[in-house]
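The values are calculated or read from the model by the stated rules, or taken from the named source; none is laboratory data. All values derive from a computational prediction rather than experimental measurement. Heads up, the Cβs are rebuilt from the backbone with ideal geometry, glycines too, and the neighbour counts pull from every protein chain shown. Side chains are part of the model used for accessible areas, which takes the heavy atoms of the whole protein and leaves out ligands, DNA and RNA. Shrake-Rupley method; radii C 1.70, N 1.55, O 1.52, S 1.80 Å.
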Amino acid sequence: QLVYPYDFRLTEKEKTSICYLSFPDSYSGGLGDTQFSFRLRQSGGQRTTHYEDDGEYNREAPLTLQRESAHYFGYVYFRQVKDSSMKRGYFQKSLVLVSRLPYVNLFQSLLQLIAPEYFDKLEPCLEAVCNEIDQWPPPVPGQTLNLPVMGVVIQVRIPSRVDKPGSSPVKQFNQENLLPAPLVLPSIHELDLFRCFQPVLIHIQMLWELMLLGEPIVVMAPSPTVSSEMVLALTSCLAPLRYCCDYRPYFTIHDSEFKEYTTRTQAPPNIVVGVTNPFFIKTLQHWPHILRVGELRMSGDLPKQVKVKKLAKLKTLDTKPGIYTSYKTFLHKDKSLIKRLLKGIQRKRPSEVQSALLRRHLLELTQSFIIPLEHYIASLMPLQRAITPWKNPPQIRPFRQEDFMKTLEHAGPQLTCVLKGDWLGLYRRFFKSPNFDGWYRQRHKEMTQKLEALHLEAICEANIVAWMKDKSEVEIVDLVLKLREKLVRARCQHLPVKEETLQRVGLYIETIIGSLPEDLQAVLHHH
């Protein structure tokens with residue numbers, strides 16, 4: 001019906017997709033308000049964003065919170081109430097916030113404030129809200145922001161890449177006499193994992209492995225809320241490792257990728273997809289892992305845990321909750337986690353305490369797995385003394401899987417993790433997954449930039465005048481051009497180099513040019 005701000009350009013295809021994704025696609029008898037999320041592939045090429053500082057934000061934000069370049073997130077507030085004046089007897093409407101940022105808690109909290117007002121007062125309300133949001137500062141990793149909207153101030157901290165993993169956000173912000181007292185969000189994006197994983201707590205290990213390996217998973221849920229929360233919980237359980245595959249927290253049969261995902265002619269893609277329409281049980285039954293969950297109910301004791309079942313047991317319409325898969329885990333189950341969670345339930349610990357336990361467990365598991373990889377890749381970096389000013393920096397040595405495997409005997413995950421099992425088999429499978437590819441590329445890029453930075457520092461330390469003594473003009477001009485190119489690259493790529501180093505290299509270039517004949521000087525200055 002309406003897009004705010006007006007100048008926000010969506011393609012027709014995106015509009016259609018957003019419309020379908022902002023309503024529950026299977027009959028839900030539930031009246032009232034529900035909230036859920038979706039993620040949508042951008043169509044129609046790259047568009048310039050309002051944010052020219054994407055690069056800066058993405059360099060400082062945790063990998064898992066970077067701004068998406070090819071997808072939008074949609075955050076939905078849907079209301080369904082009886083209304084005899086409507087043709088269908090119901091009032092049904094959704095307000096959707098579209099963003100490239102995965103700040104699920106912030107945006108859903110925002111919708112809780114805006115949507116009820118909007119359904120009441122319509123367009124003028126959105127105009128007022130957008131004017132307020134326009135004044136918000138951009139998200140800067142590491143900063144705590146006060147965001148005023150509709151007479152409330154939302155206070156939230158933007159996580160940064162240098163935060164210690166697993167550290168809980170600072171509970172008490174400086175309240176700076178804010179009146180009324182601000183609405184403080186403990187986290188901008190972390191879900192209540194304990195609540196989301198309720199029915200599958202005893203299978204956390206298996207789900208973590210499936211996510212680590214980037215396996216295709218279908219989550220079949222009774223509502224878009226349960227489906228989107230479960231998918232987002234799954235994709236977050238590898239932190240601080242980035243989940244590099246595609247994921248759809250909520251997916252409908254009208255989606256433009258429907259054919260691509262349901263075809264039987266090729267293997268299912270590496271993606272986690274959340275669905276609610278029973279029709280999918282039929283169209284996706286060839287997928288290797290299907291997680292069927294019921295409504296989430298918080299009760300006093302351990303919720304009923306789903307069982308692992310054979311895929312053949314997937315009955316088409318009346319499918320009981322369960323994990324339908326023939327997957328055998330590489331690692332043995334961790335009984336201690338379940339014992340601790342059970343103790344928490346008996347002692348009536350709040351859900352956020354249980355979630356923190358769960359998140360810590362997953363973090364330690366991921367770190368045990370990743371640390372040996374980090375150690376090995378660090379050993380591929382050339383020695384500092386091999387970096388000399390007048391030669392191109394040496395190459396990073398290639399990653400050899402077999403060499404890595406040999407390091408595990410004395411420095412493997414067993415040092416930090418009590419879990420027994422086939423760690424080697426897990427690494428071998430991981431090497432074939434998009435998550436390994438994404439991790440390796442990111443590390444390789446960082447190491448290449450580090451090498452460039454070290455090389456610039458070496459040039460700074462060098463005695464340039466001595467080097468120039470026996471060089472021809474051609475060699476000297478060549479050096480000037482190379483140094484200039486390095487300088488430009490260091491600035492463009494924001495290499496980890498001190499500003500003074502860059503300035504000194506700039507001075508060097510001037511000095512060298514100054515020593516050349518005037519006709520060459522003119523050419524180089526012009527160049």
Please verify whether the stretch 210-224 includes one or more residues that are out of contact with any strand residue (DSSP E or B) (no Cβ under 7 Å at 6 or more places or on another chain), open to solvent by 10 Å² or more (accessible area, probe 1.4 Å) and in a helix (DSSP H, G or I). no
K343 is checked against (1) within 30 Å of H455 (Cα to Cα); (2) more than 28 Å from the chain's Cα centre (by Cα) and fails just one. What number does that condition carry? (1)
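Can you pull out the residues in the stretch 241-260 that are modelled with pLDDT of 90 or more and not acidic (D, E)?
L241, R242, Y243, C244, C245, Y247, R248, P249, Y250, F251, T252
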Among the numbered conditions (1) in contact with a Pro (Cβ under 9 Å, 6 or more places away or on another chain); (2) not assigned by the TED database to the domain that holds P382, tell me where M447 comes up short. (1)
Can you say whether Q414 is farther than 30 Å from I271 by Cβ, under 37 Å from the mean Cα position of the chain (by Cα) and open to solvent by 20 Å² or more (accessible area, probe 1.4 Å), as far as the supplied structure shows? yes
Tell me, which strands (runs of 3 or more DSSP E) lie completely within the stretch 233-343 with 1 or more residues that are closer than 28 Å to H71 by Cα? 246-248, 271-275, 289-292
Tell me which residues, restricted to the stretch 446-498, are more than 19 Å from A386 (Cβ to Cβ) and hydroxyl-bearing (S, T, Y). S472
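Only one residue in P288, P321, P303 is assigned by the TED database to the domain that holds K432 and under 30 Å from R443 (Cβ atoms). Which one?
None of the others qualify; the one that does is P288.
Say we look at the stretch 499-526 and pick out the residues that are touching a residue at least 24 places away in the same chain (Cβ under 8 Å) and under 44 Å from the mean Cα position of the chain (by Cα); which of these is most open to solvent (accessible area, probe 1.4 Å)?
If we filter the stretch 499-526 for residues that are touching a residue at least 24 places away in the same chain (Cβ under 8 Å), which is where we start, we get 501-502, 504-505, 508-509, 511-513, 515-517, 520, 524.
Add one more test, that the residue is under 44 Å from the mean Cα position of the chain (by Cα), and what stays is 501-502, 504-505, 508-509.
Values: T501: 13, L502: 14, R504: 112, V505: 0, Y508: 41, I509: 6 Å².
By that ranking, first place goes to R504.
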For the stretch 81-138, name all the residues that are more than 31 Å from the chain's Cα centre (by Cα) and of a type in the set (S, T, Y). S84, S85, Y90
I'd like to know if the stretch 84-107 contains one or more residues that are outside the structural domain of C237 (by the TED database), at pLDDT 90 or above, open to solvent by 30 Å² or more (accessible area, probe 1.4 Å) and polar (S, T, N, Q). yes
Give me the residue from the stretch 83-115 that is in a loop (DSSP other than H, G, I, E, B), touching a Phe, Trp or Tyr at 6+ places or on another chain (Cβ under 8 Å) and touching a residue at least 40 places away in the same chain (Cβ under 8 Å) and, out of that set, farthest from T225 (Cα to Cα). R100
